Amino acid sequence: MELKVLESNKIDEEVANEIVTLIKEKPNCVLGLATGSTPLGVYANLVKKYENKEVSFKNVRSFNLDEYVGLKHDNDQSYFYFMHHNLFDHIDINPNNVHVPDGINYENCLKTYDNEIKKAGGIDLQILGIGSNGHIAFNEPGTDFDSFIHLVDLKESTIKDNSRFFSSIEEVPTRAITMGLRSIMQAKRIILIAKGKNKNHAIKALFDEHGIDETLPVSVLKLHPNVEIYCDKDAAEGVIDE
Ligand code: GLP
């Protein structure tokens, strides 16, 4: 794992540049995309680059990591809505080429999602954020490293963290559908972004004290040969990268 500590806006620029470089090399590449506040700056940079005609997403395929169970596409807290509002509606990606796990008709999605990724040739570059408890996508502590797409009961801490986007904590869905840790590990390359003090505990555990085990889902990335971790100073404080 390679650790890069940068200012927040530099992270956004560099990661967007990495994505654009990949699209130029492979115009029909497969992107694995994340939601949450962390990748917003990356998406804003991508929209800017598209508007400046530096890149076209015409042949790009994308797969999102996860979705809340029970939120319809037009609910502004659904990850489907988030992706369209913050990225897809502002670029020339083909709507048939974008995939967000279905939090309503999830039975069918559970059967097909990993296969769709496989049929697309696998994910070339997976973008990840991280939860304060070390979750990636919605793979909470205790998730099997061998998991593919599955339903999950969200932990109290995740519901609390994510309640800042909802008008009250009662509105936060308690279940989600998420790509599994094995699904994520099959990506050819992974970029994880962590910003802010509330990610410091998980990032420190990842680099310092913690071994590789299911109590810290992000630790699975230590078994992947091609991972870059971009942190701002707050997230990386006290981390010793050897
Ligand atoms: C949610 C998402 C994760 C994301 C995490 C952190 O739980 N399922 O994919 O990484 O939130 O969100 P934020 O970037 O807003 O801190």
Inset, instruction - Using every Cα-Cα pair within segment 71-162, state what percent have a distance larger than 22 Å. - result: 35
Legend entry - Förster-model FRET efficiency, 30 Å R0, E107 and H224, C-beta, rounded to 0.05: 0.50
Inset, instruction - Would you mind counting up the charge near H84? Only other residues with Cβ under 11 Å from its Cβ, with Lys and Arg at +1 and Asp and Glu at -1. - result: -3
Legend entry - Charge context of P101, other residues only, Cβ under 10 angstrom, K/R +1, D/E -1: -3
Inset, instruction - Would you order S168, S183, S56 from fewest to most other beta-carbon atoms within 10 Å of each residue's own beta-carbon? - result: S168, S56, S183
Inset, instruction - Please tell me which of these pairs span more than 29 angstrom C-alpha to C-alpha: K10/K72; K58/K119; K72/K118; K111/K233; K58/K188? - result: K10/K72; K111/K233
Inset, instruction - For every other residue with a beta carbon closer than 11 angstrom to the beta carbon of N75, add +1 if it is Lys or Arg and -1 if Asp or Glu, then tell me the sum. - result: -3
Inset, instruction - Grab the DSSP H runs of the chain that are 4 residues or longer, score each as -39,500 (n - 2.57), total them, divide by all residues and round the 222 nm result to the nearest 500 deg cm²/dmol. - result: -9000 deg cm²/dmol
Inset, instruction - Under a 10 Å cutoff between Cα atoms, tell me which one of T143, T21, T178 has the largest fluctuation in the Gaussian network model of the chain. - result: T21
Legend entry - Label-reachable residues, segment 210-228, where backbone N falls under 13 Å from a point 7 Å from E2's Cα toward its Cβ: 225-228
Inset, instruction - Assuming a ≥ b ≥ c are the square roots of the Cα gyration tensor eigenvalues, decide whether segment 104-157 counts as rounded (a/c under 1.5), prolate (otherwise, with a/b larger than b/c) or oblate. - result: oblate
Legend entry - Cα shape, the chain, gyration tensor, a/c 1.5 rule: rounded
Legend entry - Stokes-Einstein translational diffusion, segment 129-242 - Kirkwood Rh over all Cα pairs, 1.306 mPa s, 10 °C, in µm²/s: 109
Inset, instruction - Highest first, please rank the peptides 82-93, 34-45, 124-135 by the mean number of other Cβ atoms sitting within 10 Å of their residues. - result: 124-135, 34-45, 82-93
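Laboratory data are not the source of any read-out in this text; all were calculated from the coordinates shown. Just so it is clear, the model here is predicted, and its values are computed rather than measured. When we count neighbours, we look across all protein chains shown, and the Cβ atoms used for this are built from the backbone with ideal geometry, even at glycine.
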